[in-house]
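Here the structure is laid out as structure tokens; the discussion comes afterwards.
The values are calculated or read from the model by the stated rules, or taken from the named source; none is laboratory data. This structure is a prediction, so every number in the text was calculated from the model and none was measured. Neighbour counts are summed over all protein chains in view; Cβ atoms, including those assigned to glycine, are modelled from backbone coordinates with ideal geometry. What goes into the accessible areas is simple: the full protein's heavy atoms, side chains included, and nothing from ligands, DNA or RNA. Shrake-Rupley method; radii C 1.70, N 1.55, O 1.52, S 1.80 Å.
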Amino acid sequence: MAQDAVTEAPEQGDGVRRRDFINIAAVSAAGVGAAGVLVPLISQMSPSADVLAESTTEVDIGAIKPGQAIKAMFRKQPVFIRNLTAKEQADAQAVATASLRDPQSLEDRTKPGKANWLITMGVCTHLGCVPLGSAEGEPKGEFGGYFCPCHGSQYDTAGRIRKGPAPKNLEVPEYTFTSDTVVKIG
Amino acid sequence: MSFPWANEYQPQHPLMQWLDAKLPLPRLVYNAIGAGYPVPRNLNYFWNFGVLAGVCLVIQILTGVILAMHYAGNADLAFNSTEHIMRDVNWGWMLRYMHSNGASAFFVVVYIHIFRGFFYGSYKAPREMIWLLGVVIFLLMMATAFMGYVLPWGQMSFWGAQVITGLFSAIPLVGDALHTWLLGGFAPDNAALNRFFSLHFLLPFVILGVVILHIWALHIPGSSNPTGVEVKSESDTVPFHPYYTAKDGWGLGAFLLIYCAVVFFAPNALGHPDNYIPANPMQTPAHIVPEWYFWPFYAILRAFTQNFPLLGIPAKLLGVMGMFSAILVWFFLPWLDRSPVRSGHFRPTFRKFYWLLVIDVAVLGYCGGSPAEEPFVIISQIAAIYYFLHFLVVLPIVSSIEQPEPLPFSITEAVLGSDQAASLAPAE
Ligand code: HEM
Ligand code: FES
């Protein structure tokens, strides 16, 4: 057969045939093209522009008294804004940071001079339930902070994980105080 | 392949002869589920469940395609469109109850089908590929059912989606990025709901494709049977049609009776009332539970409450790995059980451990449906350890030290008490 004649004819030199080169070149070009097509196919799954555009929220915190907390919404997720009492702050500061699962001090988790304002995501770092403890009358757990009913994670008054399956402290979102009574989250 | 004594398809009508020459589809059916497929004569009712699973898949696809005509895959509309199906669409309540209870029926049937395989050693050579494809189907079913349960966008839908996609965030380094990518956001919302709808529509057809491969692989060695002794001669088999079409038809009738009883008289018995509350991202229900068919695996997920000290693996990742391994271990089953004897009937030690496994999975299931409190946590931990011990330690050891009971010479001998061929054949 004509084709056999071509493939079987030994080439001169190092044995690389023109056909091998064409094969490799064609398959590589097609491979790069196919990989390129994957980029939009995969990237379309990531958050779209309108979802990302929801990513700042302003909250008026003027009415939150010490010992109280509110649940605000940020990126369609709850944020806990809590005005810690002096005792709650002292409790959090009394813990040896190094002994914690996710070692952070209250100061690491609040803004300078505003250690009473504990602002964290209301999303359990285990599997994402909303912990209890922000509203009046909800259980705050053994450490006086938050208690997640889903699998029993317990957070302290700095929102740090103290017991249960969650690996990390409640996440502190990015935020700034735009005035003494308004925070901008995100 | 088939046995040499299989009936041959011989179309009589000229039209059928013409069709056979152009596209031998009737021949395919004749050889697959007709008189041309010889099947062991001694199959018991546990061999009905494959056909029943196929019927469940058809019920899900039919009712699902219809539900999709009335359902709106949008976070603002999904809950109301589901209620619209229930209240306004003609027969909508029935179609939806058929679909939601159809999912449960499907899992009941498939679990029996799988445990049939465990007992009768159906996963052993030469049927490993049938088994492996079956495990793939089971994984696809779990993904499909999970995404389907999200669609009505009630509280359990939402929080189920939150917790299960949260599992992916346990993966080191890429977990959080992967989680956001899967959801198309930072928490379940419209993007997630819409893609789940798209995939929930697609996956059953993928399942259908794998089911076809499963049956194709089955037809190479043919069905096993309760003795586990392979077919030796024509007297060991009967043609699928009319013998097993009749037996499967009877089983189907019994199945439909139970299924309809649930659909019409207890349609919400297996559901959770919280799913009639619209999704609320700000409020987690007090007690999140998945659908019953996920309970054993959910119990394993929650059994890991401590970090693994040596390797520094966090409890959350361990739980996720444990849950997935509980199914992945099935892929290795054909090589973990090394006994050449298939059927549990002839394996006295194996048989005891088999029933222990059944009890263990039932206990896991019970714990998975209960709150994450003591004593359920410690019970799930013990049961989860035993689950893995069964597959990884008990089976390999039992299969190498056990003395099986004597096997019948053939299926015919097992059924009739004697087989003429037995006296002629050299002893095995
Ligand atoms: C492997 C087969 C399937 C399984 C296991 C399955 C499972 C489920 C489950 C558990 C639900 C939630 C039921 C409820 O709470 O009402 C559901 C809902 C739904 N499924 Fe499926 N399904 C399957 C096939 C299909 C197919 C083929 C379609 C369409 C092409 C479909 C379309 C829908 C729709 C539109 C809903 C939402 C409406 C509703 O909640 O009743 N499903 N499915
Ligand atoms: S989600 Fe909070 S403990 Fe599991």
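Numbers below:
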{"item": "Filter pass, B:Gly134 being more than 9 Å from ligand 1 (Cβ to nearest atom) and in contact with a Phe, Trp or Tyr (Cβ under 9 Å, 6 or more places away or on another chain)", "result": "yes"}
{"item": "Counted residues, the stretch A:55-68 - those being open to solvent by 80 Å² or more (accessible area, probe 1.4 Å) and facing another protein chain (nearest Cβ under 9 Å)", "result": "0"}
{"item": "Complete set of residues in the stretch A:117-136 that are open to solvent by less than 30 Å² (accessible area, probe 1.4 Å) and either farther than 25 Å from A:Gly186 by Cα or more than 10 Å from ligand 2 (Cβ to nearest atom) (or both)", "result": "A:Trp117, A:Leu118, A:Ile119, A:Thr120, A:Met121, A:Gly122, A:Gly133, A:Ser134"}
{"item": "Condition met for A:Lys87 (basic (Lys, Arg) and surrounded by 15 or more Cβ atoms within 10 Å (Cβ to Cβ))", "result": "no"}
{"item": "Scope the stretch A:137-175; condition more than 16 Å from ligand 2 (Cβ to nearest atom) and either open to solvent by less than 10 Å² (accessible area, probe 1.4 Å) or touching a residue at least 12 places away in the same chain (Cβ under 8 Å) (or both); matching residues", "result": "A:Gly144, A:Thr157, A:Ala158, A:Val172, A:Pro173, A:Glu174, A:Tyr175"}
{"item": "Selection within the stretch B:287-304 - at the interface with chain A (Cβ under 9 Å from one of its Cβ atoms), outside any helix (DSSP H, G or I) and either touching an Asp or Glu at 6+ places or on another chain (Cβ under 8 Å) or crowded, with 20+ Cβ neighbours inside 10 Å (or both)", "result": "B:Ile288, B:Phe304"}
{"item": "Residue that is farthest from A:Ile119 (Cα to Cα) [pool: residues in the stretch A:157-170 that are of a type in the set (D, E, K, R) and more than 10 Å from chain B (Cβ to nearest Cβ)]", "result": "A:Arg162"}
{"item": "Any hit, the stretch B:10-20, residues being open to solvent by 30 Å² or more (accessible area, probe 1.4 Å) and either touching a residue at least 60 places away in the same chain (Cβ under 8 Å) or of a type in the set (Phe, Trp, Tyr) (or both)", "result": "yes"}
{"item": "Selection status of B:Arg96, of a type in the set (Lys, Arg) and surrounded by fewer than 19 Cβ atoms within 10 Å (Cβ to Cβ)", "result": "no"}
{"item": "Criterion (surrounded by fewer than 18 Cβ atoms within 10 Å (Cβ to Cβ), under 30 Å from B:Pro188 (Cα atoms) and more than 14 Å from chain B (Cβ to nearest Cβ)) met by exactly one of A:Asp102, A:Asp108", "result": "A:Asp108"}
{"item": "Single unsatisfied condition, B:Leu336 versus (1) under 25 Å from the mean Cα position of the chain (by Cα); (2) among the aliphatic types (A, V, I, L, M); (3) within 14 Å of chain A (Cβ to nearest Cβ)", "result": "(3)"}
{"item": "Tally of residues being open to solvent by 50 Å² or more (accessible area, probe 1.4 Å) and at the interface with another protein chain (Cβ under 7 Å from one of its Cβ atoms) across the stretch B:171-185", "result": "1"}
{"item": "Unique residue being within 24 Å of the chain's Cα centre (by Cα) and touching a residue at least 12 places away in the same chain (Cβ under 8 Å) when the list is B:Gly222, B:Gly209, B:Gly249", "result": "B:Gly222"}
{"item": "Any pair with Cβ under 9 angstrom, 6 or more apart, that starts in the stretch A:69-86 at a residue that is facing chain B (nearest Cβ under 9 Å) and of a type in the set (Asp, Glu) and ends at one that is part of a strand (DSSP E or B) and open to solvent by less than 60 Å² (accessible area, probe 1.4 Å)", "result": "none"}
{"item": "Positions within the stretch B:313-365 being open to solvent by 20 Å² or more (accessible area, probe 1.4 Å) and part of a loop (DSSP other than H, G, I, E, B), in sequence order", "result": "B:Pro314, B:Arg338, B:Pro340, B:Arg342"}
{"item": "Options B:Phe294, B:Phe304, B:Phe324; residue that is over 30 Å from B:Ile401 (Cβ atoms) and free of Cβ contacts under 8 Å to residues at least 12 places away in the same chain", "result": "B:Phe324"}
{"item": "Number of the condition not met by B:Tyr259 [criteria: (1) surrounded by 20 or more Cβ atoms within 10 Å (Cβ to Cβ); (2) within 14 Å of chain A (Cβ to nearest Cβ)]", "result": "(2)"}
{"item": "So B:Leu62, is it away from chain A (no Cβ under 14 Å), under 24 Å from the mean Cα position of the chain (by Cα), under 18 Å from B:Ser104 (Cβ atoms) and away from ligand 2 (no atom under 16 Å from the Cβ)", "result": "yes"}
{"item": "Filter result for B:Tyr259 (touching a strand residue (DSSP E or B) at 6+ places or on another chain (Cβ under 6 Å) and modelled with pLDDT of 95 or more)", "result": "no"}
{"item": "Verdict on B:Glu413 being part of a helix (DSSP H, G or I) and of a type in the set (Asp, Glu)", "result": "yes"}
{"item": "Residue check for B:Asp76: within 16 Å of ligand 1 (Cβ to nearest atom), within 14 Å of another protein chain (Cβ to nearest Cβ) and surrounded by fewer than 18 Cβ atoms within 10 Å (Cβ to Cβ)", "result": "yes"}
{"item": "The stretch B:340-362 residues that are on the phi > 0 side of the Ramachandran plot, paired with ones that are modelled with pLDDT of 95 or more and β-branched (Val, Ile, Thr) (beta carbon under 8 Å, 6 or more apart)", "result": "none"}
{"item": "Residue match in the stretch B:128-137 (condition: in contact (Cβ under 8 Å) with a residue 24 or more places away in the chain, charged (D, E, K, R) and within 27 Å of B:Phe115 (Cα to Cα))", "result": "yes"}
